[in-house]
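Here is the structure we will look at, set down as structure tokens.
The values are calculated or read from the model by the stated rules, or taken from the named source; none is laboratory data. This one's a predicted model, so the numbers in the text were calculated from it and none came from an experiment. Glycine gets a Cβ as well: all are built from the backbone with ideal geometry, and neighbour counts include every protein chain shown. We work out accessible area using only protein heavy atoms, side chains counted, and drop any ligands, DNA or RNA first. Shrake-Rupley method; radii C 1.70, N 1.55, O 1.52, S 1.80 Å.
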Amino acid sequence: MNEAPSTGRPVELRHLRAFLAVADELNITRAAARLRLTQPAVSRTLAALERHLGVRLVDRSTHHLALTADGVAFRDKAAAAVAAFDEALDPGRLRTWPLRLGHAWSAFGPYTTPLLRAWQERHPGTPLELLRIDDRTAGLTRGEVDAALLRGPVDAPGLVAEVLFTEVRVAAVTADGPLAGRASLALADLAEGPVVLNTVSGTTTAGLWPPHARPATTVTVGNTDDWLTAIAAGRGSGVSTASTATLHPHTGVVYIPLDDAPGVPVLLARRDNAPGHPALPELAALAREIVARGATH
């Protein structure tokens with residue numbers, strides 16, 4: 001369906017909540033149970049939203065529901081709108097407006113504690129909430145946070161980011177494995193065995209290796225905890241940034257310098273063309289100040 005948008009009844013919050021439930025569950029029955037509505041009511045609400053937008057959001061042509069390309073693009077916008085509405089009406093946040101800072105892992109690296117302490121001293125009336133969200137943009141595109149500390153290039157539309165510093169990469173190997181005693185490693189050393197990749201929030205892909213020397217076997221996981229568990233269990237080695245070694249120690253994992261891997265930029269990102277939290281400029285300025293201060297020590 002690709003029709004002209006409807007000019008009838010306006011879209012309400014219930015339309016967005018129904019669509020998001022269907023997008024999450026990919027099943028009308030489960031979405032209806034989650035919303036405590038009947039299946040026909042959810043179907044009608046979804047159809048009304050599609051008529052208003054003039055596009056098909058959900059493909060119903062097969063036994064299993066799936067989001068269309070328009071549905072995938074609309075999901076993040078709908079989630080951001082619902083999150084903003086819920087945030088505005090949260091009675092616990094009427095007097096203070098917390099600044100939500102997302103990260104997928106390792107936060108601000110060695111500067112995490114200095115950033116939190118300095119913010120508390122300078123902005124005691126605006127709590128800074130550091131939230132780990134296992135998502136490539138740490139919840140930023142879905143409106144779950146106001147800004148995010150991200151690693152590596154981010155190609156999600158609608159975001160702007162600045163590079164704050166660059167982290168070196170390290171290898172993560174099984175503590176009692178054959179590589180654990182090495183003083184340093186090269187990418188080729190890791191490619192001789194399986195490599196564990198965090199495909200949801202991580203920055204390492206098989207493309208880190210030259211085309212002629214990529215790992216023959218990879219193990220995919222969805223977050224940092226599962227990544228560490230897989231390496232500790234001997235399922236393969238991994239690559240991450242230096243701050244992971246400090247902020248995510250594991251008795252079954254040894255971190256070793258990696259000689260020939262490029263560094264990873266650490267970014268402060270926010271949504272473009274959005275009002276945003278009024279304290280975002282102060283957060284960016286403080287982050288730059290702390291990095292500059294650390295570089296001189």
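Using a ≥ b ≥ c from the Cα gyration tensor of the chain (square roots of the eigenvalues), is it rounded, prolate or oblate, where a/c under 1.5 gives rounded and otherwise the larger of a/b and b/c decides, a/b for prolate?
It is oblate, given that a/c is not under 1.5 and a/b is not larger than b/c.
Could you compute the net charge surrounding Ala33? Neighbours are other residues with a C-beta less than 13 Å from the C-beta of Ala33; K and R count +1, D and E count -1.
+1
Taking Cα pairs under 8 Å and at least six residues apart, what relative contact order does the chain come out at, in percent?
19
Would you mind calculating the relative contact order of region 205-282 from Cα pairs under 8 angstrom and at least 6 residues apart, reporting the percent as a whole number?
In percent, rounded to a whole number, it is 21.
What's the local net charge at Thr203, with K and R +1, D and E -1, over the other residues with C-beta under 15 Å away?
-1
Ignoring ligands, DNA and RNA, what accessible area per residue does region 150-213 give at 1.4 Å, in Å²?
47
Assuming a ≥ b ≥ c are the square roots of the Cα gyration tensor eigenvalues, decide whether region 48-158 counts as rounded (a/c under 1.5), prolate (otherwise, with a/b larger than b/c) or oblate.
The shape class here is oblate.
Which whole-Hz couplings ³J(HN,Hα) result when phi for each residue of region 37-53 is put into the Karplus expression 6.51 cos²θ - 1.76 cosθ + 1.60, θ = phi - 60°, listed in order with x for Gly and Pro?
Values per residue, Gly and Pro as x: 10, 7, 4, x, 5, 5, 4, 5, 5, 5, 4, 5, 5, 5, 4, 5, 7 Hz.
Relative contact order of region 12-165, please, whole-number percent, based on alpha carbon pairs below 8 angstrom and at least 6 residues apart.
19
Rounded if a/c is under 1.5, else prolate if a/b is larger than b/c, else oblate: which is region 159-297, with a ≥ b ≥ c the root eigenvalues of its Cα gyration tensor? Show your work: numbers first, answer last.
Numbers: a/c = 2.16, a/b = 1.85, b/c = 1.17.
It comes out prolate by the Cα gyration axes.
Under the rule of at least 5 residues apart or a separate chain, name every residue whose amide H is placed under 5 Å from the amide H of Asp59.
Ala66, Leu67, Thr68
So which residue, out of Ala172, Ala107, Ala73, gets the largest mean-square fluctuation from a GNM of the chain using Cα contacts under 10 Å as springs?
Looking only at Ala172, Ala107, Ala73, the largest GNM fluctuation is found for Ala73.
Report for the chain the percent antiparallel among DSSP-assigned beta bridges with both residues inside it, nearest 5.
Numbers: 24 of 38 bridges.
Percent antiparallel among DSSP bridges in the chain is about 65.
Give me, ordered by chain and number, the residues 5 or more places off Val221 or on other chains with an amide H under 5 Å from its own placed amide H.
Excluding prolines and chain starts, which carry no amide H, the hits are Leu197, Asn198, Thr199.
Based solely on its DSSP helices, what 222 nm [θ] is calculated for the chain when runs of n ≥ 4 H residues each add -39,500 (n - 2.57) and the sum is averaged over all residues, nearest 500 deg cm²/dmol?
Values: 9 runs with 103 residues, N = 297.
Using -39500 (n - 2.57) per qualifying helix, the result is -10500 deg cm²/dmol.
Counting Lys and Arg as +1 and Asp and Glu as -1, what is the net charge of the other residues whose Cβ lies under 15 Å from the Cβ of Ala213?
So the environment of Ala213 carries a net charge of -3.
Residues with amide H under 5 Å of Ile133's amide H, sequence separation 5 or more or different chain, H placed in the peptide plane at 1.01 Å from N; which?
For Ile133, the qualifying residues are His103, Ala104.
Starting at the first residue of region 138-144, write each ³J(HN,Hα) from the Karplus equation 6.51 cos²θ - 1.76 cosθ + 1.60 with θ = phi - 60°, in whole Hz, x for Gly and Pro.
Working through the residues one at a time gives 6, x, 5, 5, 8, x, 7 Hz.
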